[in-house]
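Asks: Dumping the structure here so I can ask a few things about it.
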Amino acid sequence: MNWFTKQSRFKKPLIAVTLVTAGALALSGCAGGGAGAGADESSAAVAITKVGVAMPTQTSERWIADGDAVKSQLEEAGFTVDLQFANDDIPTQTQQIDSMITSGAQLLIIASIDGTALTSQLQAAADAGIKVIAYDRLIRNSENVDFYVSFDNFKVGVAQGTSLLNGLGLVDATGAKAADAPSGPLNIELFAGSADDNNATFFFDGAMSVLQPYIDDGTLVVKSGQTKFDVVATLRWQQEIAQKRMEDLITSTYGGGSTPLAGVLAPYDGISRGIITALQSAGYGDTIADGLPIVTGQDAEIASVKLINDGVQFSTIFKDTRTLASQAVTATKDFAAGNTPEANNTTDYDNGVKVVPSFLLPVVTITKDNIQSELVDSGYWTAAEVAAGVAS
Ligand code: BGC
């Protein structure tokens, strides 16, 4: 068991406790509450007591968990919070951020829908002295992004690609070449996330960094020939779009289900479930043991964790929303104290205008073998939720 035991995914982790309110920190102008590197003159001017939190959608449970965790941890630290979800609609999100600015938020935490669509909102924020933290998704084309908290997105892709290779028997769980690896050729297909989300490229590039050598030597064959990011991307990460593309691929390239398909790279659990539905309907089998192709995922959504437990989906990537929320709150407290939040990456996240200082968290690959140790023992999901496939 680790220190998250009994912490629900909607609650703060133990390390996020603060005894000093942010307002007091900001007003006193003293350092504290973070590992920040020195005072930031510009931020000391605006006392931060109210935080606007803009999340993309409630259709994926991870964003609900993120929103709830950020809100509860900020409130516990003494901030007032305006939390909004935008239903994956860009005008709704821009309008919500406009209204957070006009209603007096002094700091914004934003998980964008389209990372390129917020330039004028961020300019208005900067003009009002409001700090902006990009949450999980980098906001592009703006100099007014002060900090970025996320997971190591390239490594998420590497983990997805490695997991696909593992499911296909080519490598072991550590990524080392398997002794009894099949020589192939094995047919695979590739899916990527939404092209307007900066993360989608990182995930795809990370996955291809481990898959490409196997494609180059003929072990893996992308039989459709669809290997370019723009072709395999899935607008807004939608399950229905992924299911339709998989159905079309089965018809165009796999003889309606009669041609072997060994695996599918899927970047997000909703997309994975759309792909699995299409494969099951085409007769590939109900479970991996029946011949269902290996399908990867991301986010440890409860519906997919159940599928993994039942031997249907092969894997997912666990990104603990509690630690991400905690990191966003730490950065908020640093800004409130007039400090610069501590970054652990100052090279990789160029948003088109500047390299945004970032704090990146690690991720864990989940298969049937570690659902209990990583997700249940840490309190992220209960055993009953895993069995039911529904959050309670
Ligand atoms: C997040 C993923 C998520 C995807 C779809 C990405 O920006 O990093 O965790 O699966 O959006 O919501």
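The values are calculated or read from the model by the stated rules, or taken from the named source; none is laboratory data. On a predicted model such as this, the values are computed, not experimentally measured, just so you know. So basically every Cβ, Gly included, is an ideal-geometry build from the backbone, and we count neighbours across all protein chains shown. Just so you know, the surface numbers come from the protein's heavy atoms only, side chains and all, with ligands and any DNA or RNA stripped out. Shrake-Rupley method; radii C 1.70, N 1.55, O 1.52, S 1.80 Å.
Asks: Among the numbered criteria (1) closer than 24 Å to Asp66 by Cα; (2) crowded, with 22+ Cβ neighbours inside 10 Å, which one does Lys306 miss?
Replies: Failed condition: (2).
Asks: Go through segment 226-259 and report how many residues are surrounded by 20 or more Cβ atoms within 10 Å (Cβ to Cβ) and among the small types (Gly, Ala, Ser).
Replies: 2
Asks: Within segment 195-222, take every residue that is acidic (Asp, Glu) and farther than 21 Å from Pro182 by Cβ and give me the one that is nearest to the ligand (Cβ to nearest atom).
Replies: Asp197
Asks: Go over the candidates Thr57, Thr92 one by one and state the one that is under 24 Å from Tyr268 (Cα atoms) and part of a loop (DSSP other than H, G, I, E, B).
Replies: Criteria check complete, one pass: Thr57.
Asks: Sticking with this one: Can we say Gly291 is on the phi > 0 side of the Ramachandran plot, out of contact with any Ser or Thr (no Cβ under 6 Å at 6 or more places or on another chain) and assigned by TED's automatic domain parsing to the domain that holds Ile133?
Replies: It is false that Gly291 is on the phi > 0 side of the Ramachandran plot, out of contact with any Ser or Thr (no Cβ under 6 Å at 6 or more places or on another chain) and assigned by TED's automatic domain parsing to the domain that holds Ile133.
Asks: Given (1) open to solvent by 10 Å² or more (accessible area, probe 1.4 Å); (2) not in a helix (DSSP H, G or I), identify the lone condition not met by Leu138.
Replies: Every listed condition holds for Leu138 apart from (1).
Asks: Here's a follow-up. Here is a list: Ala262, Ala289, Ala242, Ala233. Which entry is over 30 Å from Val53 (Cβ atoms) and without any contact (Cβ under 8 Å) to a residue 60 or more places away in the chain?
Replies: Ala289
So that you can scan it fast, the table gives a plain yes or no per residue for (1) surrounded by fewer than 19 Cβ atoms within 10 Å (Cβ to Cβ); (2) at pLDDT below 95:
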| residue | (1), (2) |
| --- | --- |
| Ala31 | yes, yes |
| Ala39 | yes, yes |
| Ala45 | yes, yes |
| Ile48 | no, yes |
| Ala54 | no, no |
| Trp63 | no, no |
| Val70 | no, no |
| Gln73 | no, no |
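Asks: Oh, and also: Would you pick out the residues in segment 292-336 that are of a type in the set (A, V, I, L, M) and closer than 20 Å to Val356 by Cα?
Replies: Answer for segment 292-336, where residues must be of a type in the set (A, V, I, L, M) and closer than 20 Å to Val356 by Cα: Leu324, Ala325, Ala328, Val329, Ala331, Ala336.
Asks: Pull up segment 141-164, narrow it to residues that are part of a loop (DSSP other than H, G, I, E, B) and of a type outside the set (S, T, N, Q), then point me to the one that is farthest from the ligand (Cβ to nearest atom).
Replies: Ranking the candidates gives Glu143 first.
Asks: Continuing with this model, one more query. Scan segment 188-217 and report the pairs whose first residue is under 20 Å from Asp350 (Cα atoms) and open to solvent by less than 10 Å² (accessible area, probe 1.4 Å) and whose second residue is basic (Lys, Arg) and within 11 Å of the ligand (Cβ to nearest atom), with Cβ atoms within less than 7 Å and a gap of 6+ or a chain change.
Replies: Ser194/Arg236; Asp197/Arg137; Asn199/Arg137
Asks: For segment 260-302, what are the residues that are open to solvent by 10 Å² or more (accessible area, probe 1.4 Å), within 13 Å of the ligand (Cβ to nearest atom) and in a helix (DSSP H, G or I)?
Replies: Passing the criteria: only Arg273.
Asks: Leu138 is checked against (1) away from the ligand (no atom under 14 Å from the Cβ); (2) under 22 Å from Gln298 (Cα atoms) and fails just one. What number does that condition carry?
Replies: If we test Leu138 against (1) away from the ligand (no atom under 14 Å from the Cβ); (2) under 22 Å from Gln298 (Cα atoms), just (1) comes out false.
Asks: From Ala325, Ala383, Ala391, which residue is small (Gly, Ala, Ser), over 17 Å from Lys155 (Cα atoms) and within 14 Å of the ligand (Cβ to nearest atom)?
Replies: Within the list Ala325, Ala383, Ala391, the selection yields Ala325.
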